[in-house]
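Comments concern the structure below.
The values are calculated or read from the model by the stated rules, or taken from the named source; none is laboratory data. All values reported here derive from a predicted model rather than from experimental measurement. Because the Cβ atoms are built from the backbone with ideal geometry, glycine has one as well, and the counts that use them run over all protein chains shown.
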Amino acid sequence: MSQQRIPAWVTVIGVPLVNILLAAIVSGFVFMYLNISPIDAVKTMAYGAFGSSYGWGYTLYYTTSFIFTGLAVAVAFHASLFNIGGEGQAYVGALGVGLVCLLLGGKIPFLLLLPLSIIAGGLFGALWAFIPAWLQATRGSHVVITTIMFNFIAASFMAYLLVEVLKPEGSMAVESAVFHEASWIPKIWELAGTMGIKMQRSPLNLSIIWALICSVFVYFFIWRTKWGYEIRSLGQNASAAEYAGINLNKTIIMTMLISGMLAGFFALNVVQGEAHQIKLSLVNGMGFTGIAVALMGRNHPIGIVLASLLFGFLYQGGGELQFEYGVDPRIIVVLQGLVILFSGALEHMTKHPVENAYLKLSQLVGKQEAKGA
Amino acid sequence: MTAQTDVAVQMAIELRGIDKRFGAVHANKNIDLKVEKGTIHGIVGENGAGKSTLMSIIYGFYEADKGEILIDEKVTKISDSKVAIASGIGMVHQHFMLIQNFTALENVILGAESGMMLNVSMEKARKELTRLASEYGLDVPLDVPVEQLSVGMQQRIEILKALYRGARILILDEPTGVLTPQEAEHLFKVLAALKEQGNTVIIITHKLQEIMAVTDNVSIMRRGEMVGHVKTAETNREQLAELMVGRKVLLRVNKTEAKPAGTLLKVNNLSWTDSAGVLRLDNVNFNVRAGEIVGIAGVSGNGQSELLELLSGIKNIQHGSIEVSGKTLDENHQLTPSEVRDIGVAHIPEDRHKMGLVNSFAADEAFILGYHRNDVYNAKLLMDQAAIKNDCAEKMEKWDVRPQDPKLKTANFSGGNQQKLVIAREMEQSPDVLLVGQPTRGVDIGAIESIHNRIIEMRDAGKAVLLVSVELEEIMSLADRILVMFDGKIVGEVPTDVANEQILGLMMANIVPDEVKALQKEAHS
């Protein structure tokens, strides 16, 4: 069989762009149905998400959350484990971060506290992933089932803790006490202010740096270390991994611990960076959105950062849309759904046409060049 | 290239300019083919030459991008397999499409039931099948669940299925891959009977001796193109091999007398039961000495895979012991696959896709599988990418793996080159004991030659080689001693100079011929 090589950028960049474009076109029809000009809608969303430091602050704040939950899904996915428990792991991670802030906030300097809260958030998230991982490795209980059950257990567990243990006496709201100000992760607008750059208030905080560091870490871990090699072997071909002498159970557990850890870091952004207290249902579906982010980002950190940005844009821009036109807030879910549909479920629908188009185009160019020469 | 222009001859199938692309892959390029009515027509070609695609187009699984199909000299548009069946085409796939817990009768009428009541069509089918069975020698027990029947029987049911649906043109895809020589012999008689009655048979295979034995005409495919049509009587295996590969191929293995030394691998009373409680290995005993190749013949699924997996540490020893590299392994002294590697045992697994490679990995990543924790491939924390790539590139050049691109995805290499990659990886560790499973399964003829030579080289370098293969020809041309396995047991041992297909075929069906019995007595006395 003769085979022409298709350059990587066609499949890695070209195909997703076409998919997003298709999603945008269908979204356009939805707007037309709602009597909103699609062009205006795009303008509104773009302005809402990037038009002001307030807008892009929010967009990047959401992006940060999605990077954590997206990386969590991606790492597990490389071992062919579908961790859909990011929601619960992030929630329990919030407990770890929250406990450190509540117990030590104001008592030790921030620079000492931050590593502790990072460790606690990661550790609690990892612990929440450990039981499903252990059950998968030793009992063959499928992680899809167990992690989703652990989401519900996390929700009930956290609700219990908030009502019975963490809620300050006399308070009516189901939330913990506000952390001491010295434990808060600095906001970007405040930092910019101290450097003389004027920015509007937004929840964007330094966690975004940690999210980017984690992305780099995931890249090196998965593609450059022997552990990552073993994870990928397991994920791509478990019997080959067994043949190679890789300890499958150990690898499954290690992968899930790292996945849970990354999900736990979510709490740094949302709890220590913005809310400054543990609240009920603070993850709010962002753990699940991580699945879509990982899917769109093809489980690669660069893709995940870009996909997180897209979802951050949809979140923030969609909010603006709702504000401007008074449309149902669920419009955001519709837009997200279309993006996931086209870039996830229907990915292969466009792959062949795009590749064929590339081949035709390159042949045409080739002929032109031949003529010129 | 004999001209097929005789106008008086009727064509069962004619293809004109068939063209098919899958994205960037051009699977069939402008294919012309004429299959005469009432003949057996062979189609040969290496893996990926486009044979299966072409047959799938005839059977309506794919539609050609361009070209025409003529059935019985009428242009027919085969849009799906229903049209193909209605035009009298039947297909017997390499992997049977039978429902295991249905009887032969139920399998045959499945999808061809007439009327509301099942028993009416059952009785009609029974009558028809009895007739077909006696006419073509296709006897099968009609009322036994298929799972209890042998592979050869199951294949007959597949043929009956096609004939029951009125097939006059029968396509068989690699029909002898899973058969014992005796079963294959029977199949060829059936095909001859079919031809006698004016039916047309197309057989796709990579076994040239079969082509020579049963076909009237042969078409040869290479890289998606038809490169020749010849009359079988006017050709020979060497010419066919050359057409398939595009260059001259040596079909015989040249090897000298073995000079065996001390025993390096000894298996004592090894038994193994699977999780379903089936005894897969039953008290197996043998030894392999340095400088010899011991071949294990047998129809696949008779315990060979379990044996290899026990020897390489993938499966745990339950009963018996293995002596290797000065260590005795038993149920209390197990080694993991990586520890087995460390004591000098390399394992070329039977199925490179299932076990030997990770298809989505780049070649250099697949090249270190199992050795990825070795110091040479690792820096302190990260893996040493440059070392891995350079080592792979070096070995690719030495072993002639093409294309010589360590960063190309493993799946994009041809079967032969993938296999060379696995063999290079295992042999380059210079092990003392080499376990080899199906070294040339799905490998092109050109590559088989070089793989066989490498195995002989290992033997001559004083290694102990255990070779498991279902290809008798391969076993007979490589092994110095041959053990035959049946149902988890070693039926017997035959020296290669005594072995022939007849003897081994009988032993593969658990019958020990008298001449082998005599030999064994001699050895014992």
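If you go through the range A:73-83 one residue at a time, do you hit one that is over 23 Å from the mean Cα position of the chain (by Cα), in a helix (DSSP H, G or I), surrounded by fewer than 24 Cβ atoms within 10 Å (Cβ to Cβ) and not aliphatic (A, V, I, L, M)? Looking through the range A:73-83, none of the residues is over 23 Å from the mean Cα position of the chain (by Cα), in a helix (DSSP H, G or I), surrounded by fewer than 24 Cβ atoms within 10 Å (Cβ to Cβ) and not aliphatic (A, V, I, L, M). Looking at B:GLU238, B:GLU257, B:GLU306, just one residue is within 29 Å of B:LEU434 (Cβ to Cβ) and out of contact with any strand residue (DSSP E or B) (no Cβ under 6 Å at 6 or more places or on another chain), and that residue is B:GLU257.
Candidates A:SER215, A:SER239, A:SER202: the one that is of a type in the set (S, T, N, Q) and closer than 30 Å to B:LEU310 by Cα is A:SER239. In the range B:261-276, is there at least one residue being within 14 Å of chain A (Cβ to nearest Cβ), more than 30 Å from B:GLY320 (Cα to Cα) and not hydrophobic (A, V, I, L, M, F, W, C)? Checked against the condition, which is being within 14 Å of chain A (Cβ to nearest Cβ), more than 30 Å from B:GLY320 (Cα to Cα) and not hydrophobic (A, V, I, L, M, F, W, C), the range B:261-276 yields no hits at all. Please pick out the residue among B:HIS206, B:HIS229 that is away from chain A (no Cβ under 14 Å), part of a loop (DSSP other than H, G, I, E, B) and touching a strand residue (DSSP E or B) at 6+ places or on another chain (Cβ under 8 Å). Criteria check complete, one pass: B:HIS206. With the structure loaded, tell me whether B:SER321 is free of Cβ contacts under 8 Å to residues at least 60 places away in the same chain, part of a helix (DSSP H, G or I) and surrounded by fewer than 21 Cβ atoms within 10 Å (Cβ to Cβ) or whether it fails that test. No, not satisfied.
Looking for something of a type in the set (Lys, Arg) and assigned to a helix (DSSP H, G or I) - is there at least one such residue anywhere in the range A:2-17? No.
Scan the range B:290-312 and tell me whether some residue there is in contact with a His (Cβ under 9 Å, 6 or more places away or on another chain), modelled with pLDDT of 95 or more and assigned to a loop (DSSP other than H, G, I, E, B). Looking for residues that are in contact with a His (Cβ under 9 Å, 6 or more places away or on another chain), modelled with pLDDT of 95 or more and assigned to a loop (DSSP other than H, G, I, E, B), one finds at least one in the range B:290-312, hence yes.
Based on this model, can you work out whether B:GLN148 counts as at negative phi, of a type in the set (S, T, N, Q), touching a residue at least 40 places away in the same chain (Cβ under 8 Å) and not assigned by TED's automatic domain parsing to the domain that holds B:GLU474? It is false that B:GLN148 is at negative phi, of a type in the set (S, T, N, Q), touching a residue at least 40 places away in the same chain (Cβ under 8 Å) and not assigned by TED's automatic domain parsing to the domain that holds B:GLU474.
Does B:HIS372 meet the test of being crowded, with 22+ Cβ neighbours inside 10 Å and within 8 Å of chain A (Cβ to nearest Cβ)? Criteria not met by B:HIS372. Working only within the range B:343-369, note down all residues that are of a type outside the set (Lys, Arg), outside any loop (DSSP other than H, G, I, E, B) and at the interface with another protein chain (Cβ under 9 Å from one of its Cβ atoms). B:HIS347, B:HIS353, B:MET355, B:GLY356, B:GLU365, B:ALA366, listed by residue number.
Just checking, does the range B:333-340 include any residue being farther than 24 Å from B:ILE451 by Cβ and either buried (at least 19 other Cβ atoms within 10 Å of the Cβ) or away from chain A (no Cβ under 14 Å) (or both)? Yes. Within the range B:375-413, restricting attention to residues that are surrounded by 14 or more Cβ atoms within 10 Å (Cβ to Cβ) and in contact with a strand residue (DSSP E or B) (Cβ under 8 Å, 6 or more places away or on another chain), the residue that is farthest from A:ALA8 (Cα to Cα) is B:TYR377. Considering the range B:1-114, the qualifying helices (runs of 4 or more DSSP H), each wholly inside and each with 1 or more residues that are closer than 26 Å to B:ALA213 by Cβ, run over B:51-58. Of A:PHE29, A:PHE77, A:PHE66, all but one fail to be out of contact with any strand residue (DSSP E or B) (no Cβ under 9 Å at 6 or more places or on another chain) and within 14 Å of another protein chain (Cβ to nearest Cβ); the exception is A:PHE77. Here A:LEU321 clears all of (1) within 30 Å of B:PHE22 (Cα to Cα); (2) more than 18 Å from the chain's Cα centre (by Cα) except the condition numbered (1). Candidates A:VAL327, A:VAL293, A:VAL305: the one that is over 24 Å from A:ILE118 (Cβ atoms) and in contact (Cβ under 8 Å) with a residue 12 or more places away in the chain is A:VAL327. Quick check on the range B:210-218. Is at least one of its residues under 22 Å from the mean Cα position of the chain (by Cα) and assigned to a loop (DSSP other than H, G, I, E, B)? Yes: one or more hits.
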